[in-house]
Amino acid sequence: MSAVDPGVYKAVLSVRRAYPFDVACLFMRIYGYMMNIGTVTMLTLSGYSFFIAGLVSSVIAIMIFVVAPRIGKMVDERGQSRVIPIFVLINMMGLTGMLVTVSIHGPIWMLFASGALMGSLPNSQALARARWTYLLRTKKLGEGAPNIRTVFSYEGILDDLGFMFSPSLSIFLATVITPIAGLFVGGVLFAIGSIILCLAKSSEPVPGWSAPEEGLSENRALEKRASRESEEPLLDASDAGAGKRKTPSHISTYDKGEGIFRKYPVVRVLFALMLFLGSFFGVFDTTVVAFAEDLGDPNIASGVLMLSAIVSIVMGFVFGMVRITSSPSKQLIVAACLIGFSYAFMIIVCDVVSLYIVSCLASLFYAPFLIVCNSACERAVPGKRLTESITLMNAGCTFGLAVGPTVAGVLLDGFGWHLAFIAGGVLALAIPATALLCRKLIMRDVRSDTYEVIG
């Protein structure tokens with residue numbers, strides 16, 4: 001590891017072409033981060049039960065998990081400005097139905113139907129990172145372009161800012177003005193951000209784009225596979241009599257748009273890592289709230305979560321300034337071990353002091369882990385599949401965040417907060433366990449310098 005360079009962010013901020021899409025995606029992030037907690041707050045303040053509010057929020061999260069990767073795939077195939085408006089319209093229809101139903105205290109089924117439509121949410125984090133990767137890998141920013149890991153650190157800071165302030169903004173607006181105010185403001189920001197994003201044509205990735213070095217890698221992979229196929233018989237044994245020729249496997253691989261999970265095994269690993277991370281945080285956040293209520297001071301929960309977010313933001317900022325010489329694959333494995341083993345110490349939480357120590361210590365590794373996960377994804381898949389890959393990776397976290405509170409709720413109701421903390425620690429250990437078990441695959445598929453298409 002070499003010296004820390006505080007000036008690396010100047011190169012990021014000097015890219016004026018990025019201003020429109022970064023502002024747009026920040027607006028879209030605010031809505032995405034306030035959606036679940038905003039829905040729960042809005043419904044409970046309007047007289048609906050916590051049970052109904054939780055179910056509606058879970059429907060939204062599950063629909064995002066199901067739909068978002070498909071939106072990402074369509075974006076990669078057709079372009080952001082062609083696909084995003086369609087799903088923004090669907091989402092806005094769902095949000096409108098939700099707000100109207102709550103305002104008139106309409107039927108409960110309308111809440112679930114509207115929530116399902118709200119699940120058509122494009123992943124703003126993936127959209128922004130895809131644009132940055134496109135600009136950098138196609139050399140459109142020239143010699144003074146920022147380092148891609150610094151860019152992902154910068155994007156991680158925006159993620160943390162949105163994650164920290166958006167729920168608070170939603171709750172504040174809902175309690176001070178009217179229950180629907182939080183999601184209404186978030187929806188307006190989302191619509192404005194979507195319009196700005198689609199109008200920013202100069203930074204939009206061209207469907208099917210590839211970097212120069214990526215194209216060379218793909219050609220080499222195709223040539224290698226073609227040479228293998230030339231040594232194989234072109235007649236299937238079962239069809240020899242009919243004279244049917246066997247289609248070379250590399251043609252079917254590259255012509256039919258094979259599923260991202262099947263074609264790039266490392267995406268499966270990243271999905272699993274993010275799934276365990278989201279599940280852990282779902283358990284952790286819920287258990288911290290229950291722990292604070294058990295002690296009779298709800299402010300403990302908000303204090304712990306706020307301090308953790310601040311530590312994460314600072315660490316993400318610092319991480320972007322540090323130049324690390326080890327390969328992205330090694331960085332991913334080390335980061336997975338650090339965040340997993342540090343959060344596993346939550347099994348020893350027994351009082352407020354130990355809770356603050358464990359949460360703050362482990363938060364040091366949260367932002368670096370997300371940064372190296374995104375970097376690993378960028379290094380493992382070609383640009384034309386990047387939006388879909390990052391969206392799918394984040395969908396794992398979204399699904400975990402939806403399942404985690406349910407697991408925590410069962411444990412809290414039946415056994416108390418101590419066992420819930422232990423369960424969270426086990427989920428945290430699943431992160432390094434997955435990375436270490438898949439070490440060879442990660443080392444093989446996450447390239448150090450350029451894209452490499454695995455045929």
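The values are calculated or read from the model by the stated rules, or taken from the named source; none is laboratory data. The structure displayed is predicted, hence computed values, not measured ones. No Cβ is skipped: glycine too gets one built from the backbone with ideal geometry, and neighbour counts run over all protein chains shown. Accessible surface is based on the protein model in full, side chains and every heavy atom, while ligands, DNA and RNA are left aside. Shrake-Rupley method; radii C 1.70, N 1.55, O 1.52, S 1.80 Å.
Worth a mention:
- Lone unmet requirement of (1) assigned to a helix (DSSP H, G or I); (2) touching a residue at least 24 places away in the same chain (Cβ under 8 Å); (3) open to solvent by 20 Å² or more (accessible area, probe 1.4 Å) for R447: (1)
- Within segment 28-43, residues that are over 14 Å from F190 (Cβ atoms) and hydrophobic (A, V, I, L, M, F, W, C) sit with their Cβ atoms under 7 Å from residues that are open to solvent by 20 Å² or more (accessible area, probe 1.4 Å) and at pLDDT 85 or above, at 6+ positions apart or across chains, in these pairs: M42/P179; M42/I180.
- Within segment 60-91, the set of residues being hydrophobic (A, V, I, L, M, F, W, C) and open to solvent by less than 40 Å² (accessible area, probe 1.4 Å) comprises I60, A61, I64, V67, A68, I71, V75, V83, I84, F87, V88.
- Where D297 falls short, out of the listed (1) open to solvent by 30 Å² or more (accessible area, probe 1.4 Å); (2) part of a helix (DSSP H, G or I): (2)
- The combined condition, being open to solvent by less than 10 Å² (accessible area, probe 1.4 Å) and farther than 18 Å from F152 by Cβ, is not fulfilled by F399.
- Close contacts from segment 1-19, counting a first residue that is within 22 Å of K201 (Cβ to Cβ) and surrounded by 12 or more Cβ atoms within 10 Å (Cβ to Cβ) and a second that is modelled with pLDDT under 85 and of a type in the set (G, A, S), with Cβ to Cβ under 8 Å and a gap of 6+ residues or different chains, come to S14/G144; V15/A145.
- Inter-residue pairs, beta-carbon under 7 Å, first under 16 Å from S312 (Cβ atoms) and in segment 328-343, second open to solvent by 10 Å² or more (accessible area, probe 1.4 Å) and among the aromatic types (F, W, Y), 6+ apart: A335/F365; L338/F365; I339/F365; I339/Y366; S342/F365
Listed here are the residues, each with its yes/no results for (1) farther than 24 Å from S166 by Cβ; (2) in contact with a helix residue (DSSP H, G or I) (Cβ under 6 Å, 6 or more places away or on another chain).
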residue	(1), (2)
L13	no, no
R17	yes, yes
Y31	no, yes
M42	no, yes
S49	yes, no
V56	no, yes
R70	yes, no
V75	no, yes
S81	yes, yes
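- Among the residues making up segment 379-424, those that are at negative phi and in a loop (DSSP other than H, G, I, E, B) are V381, P382, F415.
- Considering segment 114-131, the residues that are assigned to a helix (DSSP H, G or I) and either closer than 16 Å to G396 by Cα or out of contact with any helix residue (DSSP H, G or I) (no Cβ under 8 Å at 6 or more places or on another chain) (or both) include one that is most open to solvent (accessible area, probe 1.4 Å), namely Q125.
- Taking every residue in segment 367-385 that is over 15 Å from I333 (Cα atoms) and of a type in the set (K, R) and pairing it with any residue that is modelled with pLDDT of 85 or more and part of a helix (DSSP H, G or I), at least 6 positions away or on another chain, the pairs with Cβ-Cβ distances below 6 Å are K384/D76; R385/D76.
- Here F421 does not fit the description of being more than 18 Å from the chain's Cα centre (by Cα) and without any contact (Cβ under 8 Å) to a residue 12 or more places away in the chain.
- Criterion (within 19 Å of F291 (Cα to Cα) and open to solvent by 10 Å² or more (accessible area, probe 1.4 Å)) met by exactly one of G416, G404: G416
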